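Worksheet: the structure to be examined is printed underneath.
The values are calculated or read from the model by the stated rules, or taken from the named source; none is laboratory data. Owing to the predicted nature of the structure, the values given are computational and were not obtained by experimental measurement. Here the Cβ is made from the backbone with ideal geometry for all residues, glycine too, and neighbour counts use every protein chain on show. Just the protein is used for accessible areas: all its heavy atoms, side chains included, with ligands, DNA and RNA removed. Shrake-Rupley method; radii C 1.70, N 1.55, O 1.52, S 1.80 Å.
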Amino acid sequence: MTALDLGLDLDREEALHLLTQMVRIRRFEERCVELYSAEKIRGFLHLYIGEEAVAAGAMGALRPTDAVVATYREHGHALARGVSARSIMAEMFGVVEGCSRGRGGSMHLFDAERRFYGGNAIVAGGLPLAVGLGLADVMSGRDAVTACFFGEGAVAEGEFHEAMNLAALWSLPVVFCCENNLYAMGTALARSESQTDLALKAATYQVTSWAVDGMDVVACAAAARRAVDIARSGGGPVFLELRTYRFRAHSMYDPELYRSKEEVERWRERDPIEMFVGRAEQAALLEAGDRERIETDVAAEIDDAVAFAEAGTPEPVEDLTRDVYRRAVR
């Protein structure tokens, strides 16, 4: 076995898995851009391009019985969690074959079978949910951990402080994964937070916290394993500040006037996919032809997902009030 020395024993099979997950996320979202431009996907669309190392690395530390809570930038988390590309794309198209029956769209992916509880459009809205899930697992005697993903903008919200406080007080098995991409919509972190060391801020709640290179999938995987082990073994909540960067604008509606092209290009030099491929090839974990085969397989999967979504079924008009209104019983 050859390994990349970052606190994680990584064999060839695991290297192929990490690369495949990152490529799946990247190509899926690139296709979503095309479909959005063609007006086949409507509403809001927030892309994860550039941040793939976080979802791909962290999800491998979780068991199927663990829970996941994400934000509106959650396509990558859902794919890495095992939600099928078909059901995600169908949800984007707004058809009933989607994972939320077409009612949620891009920002509200949901899959109870995989304990994937959103897709939450409200900034910091998933944090109290994660605390509740963690508390429910403890009270039910389940050996489960909840991983909660959110952006650094959520740290400025009241729910963040309430969630951290309660999770620490009750020693809940929650791993808080803060994807710090430096910009809450168009506001730079230093313009909204007096303390920009978010791991240090979380530590004030007596929560085990540390920062991670969010562009390095191996570092993300190693940090997630350590954090999940702490939470699962009774060590209470853990906070990871995953320092990453989105290569695209906040959303497809964003004119992106708040950062320079030069800054984006500097970060693109640390593309998580390309960095990992280079290091894995150097460590003899990847062989000639691996990348091409992965790209071919992923392209076929996405083509199939698009065809499935295009053949999907719009919800009948008479069902629009289903699960929304309840007729009063007299």
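A compact table of results
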read-out	value
Percentage, to the nearest whole number, of Cα pairs in segment 26-75 over 14 Å apart	59
Per residue, in Å², the accessible surface of segment 249-327 once ligands and nucleic acids are set aside, probe 1.4 Å	68
Percent of C-alpha pairs per 10 Å bin, segment 192-311, short to long	10, 24, 32, 26, 8, 0
Listed residue (Phe160, His77, Ala249) projecting farthest to the positive dipole end of the chain, Cβ model	Phe160
Accessible-area order (highest first, 1.4 angstrom probe) of the listed residues Ser84, Ser194	Ser194, Ser84
Test item: Cα-centred dipole of segment 180-256, Lys/Arg +1 and Asp/Glu -1 on Cβ, debye	160
Segment 46-89 shape via C-alpha gyration tensor axes, a/c threshold 1.5	oblate
Highest-MSF residue in the chain out of Tyr205, Tyr72, Tyr253 [GNM, Cα springs under 10 Å]	Tyr253
Antiparallel DSSP beta bridges within the chain, as percent of all bridges there, nearest 5	10
Cα centre as origin, Lys/Arg/Asp/Glu Cβ charges: the chain dipole, Debye	1000
Extension gain, Arg12 back to Gln282 (0.36 nm per residue minus Cα-Cα distance, nm)	96.0 nm
Theoretical gain in end-to-end length, Ile122 to Glu262 [0.36 nm per residue, Cα-Cα removed]	47.3 nm
Approximate spin-label separation Tyr325-Met185, in nm, with each point projected 7 Å along Cα-to-Cβ	3.2
222 nm mean residue ellipticity, helices alone, for the chain (DSSP H n ≥ 4; -39,500 (n - 2.57); rounded to 500)	-13500 deg cm²/dmol
Percent breakdown of C-alpha pair distances by 10 Å bin, ordered from the shortest bin, for segment 163-232	18, 46, 32, 4
Extension reserve of the Val317-Met139 stretch, reckoned as 0.36 nm per residue once the Cα distance is removed	60.0 nm
Against the rule of thumb 2.2 N^0.38 Å, how large the Cα Rg of segment 1-159 comes out	1.07
Probe 1.4 Å, protein heavy atoms only - accessible area per residue of segment 15-153 in square angstrom	32
Unit charges at the beta carbon, dipole of the chain: most positive-side option, Ala199, Val123, His17	Val123
Label-point separation, Glu269 to Ser171 (7 Å along Cα→Cβ), nm	4.7
Student exercise, segment 25-71 dipole from Lys, Arg, Asp, Glu Cβ charges, in Debye to nearest 20	120
Highest-fluctuation residue, Ala53, Ala283, Ala199 considered, GNM on the chain with Cα pairs under 10 Å	Ala283
Accessible carbon and sulfur surface of the chain relative to its total accessible area, %, 1.4 Å	52
Order by protection proxy (mean Cβ within 10 Å, highest first), peptides 167-175, 233-241	167-175, 233-241
